[in-house]
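S.K.: Just passing along the structure, written as structure tokens.
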Amino acid sequence: MPTLKIDGKEIEVPEGITLLQACEMAGAEVPRFCFHERLSIAGNCRMCLVEWVGAPKLQASCAISVNDLRPNRDGSPAEVRTNSPQVKKAREGVMEFLLINHPLDCPICDQGGECDLQDQAMAYGVDTSRFAENKRSVEDKHIGPLVNTVMTRCIHCTRCIRFTTEVAGVPDLGATGRGEDMEVTTYLESALGSELQGNVIDLCPVGALTSKPYAFQARPWELNRTESVDVMDAVGCNIRVDTRGREVQRVMPRLNEQVNEEWISDKSRFIWDGLRSQRLDQPYVKKGAKLKPASWQDAFAAIAEKVGATTGKKMAAIAGDLASAEEMFALKDLMDRLNVASIDCRQDGTALDPKHGRATYLFNATIEGIEEADAILLIGTNPRREAAVLNARIRKRWLASGLPIAAIGGVADQNTDLTYDFDYLGAGPDTLQEVASGKHSFAKVLKKARNPIIIVGQGALARPDGKAILTLAARAASECGVVVQGWNGFSVLHTAAARVAGLDLGLVPGAGGRDVAGIVSAAKKGDIDVVFLLGADEINGDALGDAFVVYIGSHGDRGAHRADVILPGAAYTEKSGTYVNTEGRVQMANRAAFPPGDAREDWAILRALSDVLGHKLPYDNLGRLRDAMYQAAPHLAAIDAIEVVDGGDIDKLALVTAAPKKAPFVSPVEDFYMTNPIARASNVMAQCSALAKERGKGTGTDG
């Protein structure tokens, strides 16, 4: 390891890191605008200049490696100074140049209070300028409904350009002109096309790129910050929810190297306006053909009357995609006490079942493990639509190693833009059977790989022959050596945040019970009298026939439109809940705001309802509920941990015989921006959806 002397302190640093990173390891604070740890080095702002003793000039610490700092002639370590008068004068000169054209509009800039340029100007700025020329003015660019531009503020750090090109893989941003005429813009005067574009707002060190929906909403010092977990997909990105009073004002990413690094998708970031729209804030009971406002007592009484007039065999419950583990546990507990066997958390009808073992429904390679992969096979999934942040991790690995990636179905064809190169092997089960038998050429690629990954999407599993496909995928994993000692590359990519926790808690049909398709069919025939929907909005409510539908949820979406009784619940930002992401990582979401009106947390609604139904649940607070839940599923108590699973379950599943159908695999996510009731209530997501559809018509590469 190289040894350096930084500001008089001698330290050993890892091979290959930049001098800037080494200085920070030594405790020195080095200002920067263009440098970012996850982007390529540009070296164009010159704010990070340091003095290498003996060198003829100051060095840009972001653009020089510690390996380039040779020891002195006497063998002593190279000496670096970050706070010498020469360095301070150089940084003041750089700051003076940056402020020549920068407008003095901090009072009206949304970046105010969080601006790197403001902070560095306090340290290295002066109160006068030697430049009397007119300030340069640059026309603002329209780059879509999410990112607002005030390009006169731009200091040409090029972070946004490097992010869209390198991380997002959609190179819509670039620079035109040179010198004073340089402008950051979209090449074709069009909106950005990436599902990760909102991250450029966090990367911009000035106020050139800000959030358009958040514009002039609040100042950062007015906001309360709450650490939480995103539920827009099954990745479980770590987020920070900023609130003012009862309103969520914005959602920001939180650093977690194992899950999302420091990125989140646009759906996760800009969903917050949907938390205010179409909210259910009081109970409703259907009288005649219309839902009428009611008290909690009246709503519970209506439910008790229907439940009392039927039996457990003629009742059913379905848990939705955004439900937390606590409320699903309470729902199952109540249904067990009512002798209801028809309970399911798999709205899409996926074939995954906890009886086959936890390894058969987790992303066993882990999200971070993608960076160790040397071959990836995608089966029935379009990860760019289904898990944008995970897709960026695949791209990161592809850029670093050029690993072979192949797809079976899930995408339209070879021309679908996943942001990385891949081979389109075929559309459906026939191709998968070739791989499972070892006859396909890509099976040989997987066998040769040290850490191969097979990613199975819900497009392959959420179909009538889903179990046969799952068996076939397990057979392919066994045949190609994807599951070996020390490595489990069999990975199921979920699309619902609640799915893994639901499977862990056993929210699947019991003995004699029906799954979602069976519940809908039986209700239509009149064989089921009462159906409980816990935020279940992705099923066809009209197909439930004359069944009495009780809907517990936060938004007036599909489930509420069909309901006979509505019990208003809390959205994910309004309750403390446990979520398990696609890799089996247990994470905790914290309450950032309170539900509107008479709405309550979902588990509390079920607890109150159980008392009226005569089957009182034995927990009066969240702590006691969690104690009971941890007894049923002990691994849920290990926050931010992944329980080790038995890879042998995959080999056992591979031995099951089943005959798949010929239909091609199709990704379950047709519209990235419209996948849940909160998204469908969001005006911003509606704009993004319309823009994406228009772009798809124009290019033919939307997949």
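S.K.: As an exercise, take the mean of 1/r over every pair of distinct alpha carbons in segment 1-135, invert it, and state the Kirkwood radius in angstroms.
M.R.: For segment 1-135, inverting the mean 1/r across all distinct Cα pairs yields 16.1 Å.
S.K.: Could you do me a favour and compute the accessible area per residue for segment 1-157, 1.4 Å probe, result in Å²? Before the final figure, lay out the partial values.
M.R.: Working: 8260 Å² over 157 residues.
Per residue, segment 1-157 has 53 Å² of solvent-accessible surface.
S.K.: Another question, if that's okay. Quick check for you: which residues of segment 1-40 have the amide N under 15 Å from the point 7 Å beyond the Cα of Asn67 toward its beta carbon?
M.R.: Within reach of a label on Asn67, which here means backbone N under 15 Å from a point 7 Å along Cα→Cβ, segment 1-40 contributes 1-3, 13-19.
S.K.: Report Lys267's accessible area, 1.4 Å probe, all protein chains in place, as a number in Å² to the nearest 10.
M.R.: Here the residue's solvent-accessible area equals roughly 10 Å².
S.K.: Antiparallel as a % of all DSSP beta bridges within the chain, to the nearest 5?
M.R.: For the chain, the DSSP antiparallel bridge percentage is about 55.
S.K.: Please sort 599-612, 131-144 by packing, taking for each peptide the average over its residues of neighbouring beta carbons within 10 angstrom, highest first.
M.R.: By packing density, highest mean first, the sequence is 599-612, 131-144.
S.K.: I would also like to ask the following. Within straight cross-link reach of Lys287, meaning Cα distance under 16 Å, which lysines are found once same-chain residues fewer than 8 apart are removed?
M.R.: Lys306
S.K.: Shifting gears a bit: Residue farthest toward the positive end of the dipole of the chain, with Cβ of Lys/Arg at +1 and Asp/Glu at -1: which of Cys62, Val13, Ser491?
M.R.: Farthest along the dipole direction, towards plus: Ser491.
S.K.: Could you rank Glu37, Glu183 by how accessible they are, 1.4 Å probe, largest area first? Don't skip to the answer; put the middle values down first.
M.R.: On the way: Glu37 100, Glu183 60 Å².
Heavy-atom accessible area, descending, gives Glu37, Glu183.
S.K.: Taking the alpha carbon gyration tensor of segment 501-642, what are the square roots of 5 times its eigenvalues, largest first, to the nearest whole Å?
M.R.: Output for segment 501-642: semi-axes of 27, 19, 16 Å.
S.K.: If you filter segment 234-265 for trypsin sites (Lys or Arg not before Pro), then keep DSSP loop positions with at most 12 other Cβ within 10 Å, what is left?
M.R.: Counting only loop positions with at most 12 other Cβ atoms within 10 Å, the trypsin sites (Lys or Arg not before Pro) in segment 234-265 are Arg246.
S.K.: If you don't mind, another one. So what's the projected area for segment 103-143, the Cα convex hull averaged over all directions, in nm²? Each step should come with its number before you reach the end.
M.R.: Working: hull surface 17.0 nm².
Mean projected area for segment 103-143: 4.3 nm², to one decimal.
S.K.: Turning to a different aspect of this structure: Counting alpha carbon pairs within less than 8 Å and at least 6 residues apart, what relative contact order, in whole percent, applies to segment 599-703?
M.R.: 9 percent
S.K.: In segment 316-417, with Lys and Arg counted as +1 and Asp and Glu as -1 at Cβ, which of these residues, Ser401, Thr416, Ala316, has the Cα nearest the positive end of the dipole, that is, farthest along it?
M.R.: Ser401
S.K.: How far apart, in nm, are the 7 Å Cα→Cβ label points at Glu257 and Ala632?
M.R.: Result for the modelled spin labels: 3.6 nm.
S.K.: Expressed in nm to one decimal, what extension gain is obtained for the pair Glu189 and Gln297 from 0.36 nm per residue of sequence separation less their Cα-Cα distance? Each step should come with its number before you reach the end.
M.R.: Numbers: separation 108, 0.36 × 108 = 38.88 nm, distance 5.73 nm.
Full-extension gain reported as 33.2 nm.
S.K.: Less than 23 Å apart at the alpha-carbon level, and either on another chain or at least 8 residues along: which lysines does that give for Lys575?
M.R.: Excluding near neighbours in sequence, the set is Lys267, Lys332, Lys616.
S.K.: Oh, and also: Cβ neighbours within 10 Å, averaged per peptide: list 188-198, 215-225, 324-334, 62-72 in order, most packed at the top.
M.R.: The peptides rank, most packed first, as 324-334, 188-198, 62-72, 215-225.
S.K.: Working out 0.36 nm times the residue gap between Arg244 and Ser129, then minus their Cα-Cα distance, what length gain in nm do you get to one decimal?
M.R.: 37.6 nm
S.K.: Given H placed on each backbone N at 1.01 Å, which residues far from Leu49 in sequence or on other chains put an amide H within less than 5 Å of it?
M.R.: Ser61
S.K.: Could you grab the relative contact order for the chain? Cα pairs under 8 Å, six or more apart, rounded to a whole percent.
M.R.: The value is 15 percent.
S.K.: On to the next question. When a/c reaches 1.5 or more, the comparison of a/b and b/c decides; with that in mind, is the chain rounded, prolate or oblate per its Cα gyration tensor?
M.R.: Verdict is prolate for the chain.
S.K.: While we're here: Taking N as the number of residues in segment 1-68, what is its alpha-carbon radius of gyration divided by 2.2 N^0.38 Å?
M.R.: 1.03
S.K.: Under 37 °C and 0.692 mPa s, how fast does segment 631-679 diffuse according to Stokes-Einstein, given a Kirkwood radius computed over C-alpha pairs? Answer in µm²/s, whole number. Don't skip to the answer; put the middle values down first.
M.R.: Details: Rh = 16.0 Å.
Rounded, D is 206 µm²/s.
S.K.: What is the gain in length, in nm to one decimal, between Phe216 and Ala517 on full extension, counting 0.36 nm per residue of separation less the C-alpha to C-alpha distance? Display every interim value, and only then the final one.
M.R.: Details: separation 301, 0.36 × 301 = 108.36 nm, distance 4.69 nm.
Taking Phe216 through Ala517 to full extension adds about 103.7 nm, to one decimal.
S.K.: Spin-label point model (7 Å from Cα, Cβ direction): what's the Asn224 to Asp281 distance in nm?
M.R.: Between Asn224 and Asp281, the simple spin-label model gives 1.8 nm.
S.K.: With an 8 Å Cα cut-off and a minimum separation of 6 or more residues, compute the relative contact order for segment 353-414 in percent. Mind showing how you got there, number by number?
M.R.: Working: 55 pairs, mean separation 24.0, N = 62.
Contact order relative to length: 39 percent.
S.K.: Shape call for segment 137-193 from the C-alpha gyration tensor, a ≥ b ≥ c root eigenvalues: rounded (a/c under 1.5), prolate (a/b greater than b/c) or oblate?
M.R.: Oblate shape, in that a/c is at least 1.5 and b/c is the bigger or equal ratio.
S.K.: Could you name the lysines in cross-link range of Lys439, using Cα to Cα under 21 Å and dropping any fewer than eight places away on the same chain?
M.R.: Within the straight-line cut-off, Lys439 pairs with Lys447, Lys448, Lys661, Lys662.
The values are calculated or read from the model by the stated rules, or taken from the named source; none is laboratory data. Small disclaimer: the values here were computed from a predicted structure and weren't measured. Counting neighbours? That spans all protein chains shown, and the Cβs are built from the backbone with ideal geometry, glycine included. Keep in mind that these areas ignore ligands, DNA and RNA; they rest on the heavy atoms of the full protein, side chains included. Shrake-Rupley method; radii C 1.70, N 1.55, O 1.52, S 1.80 Å.
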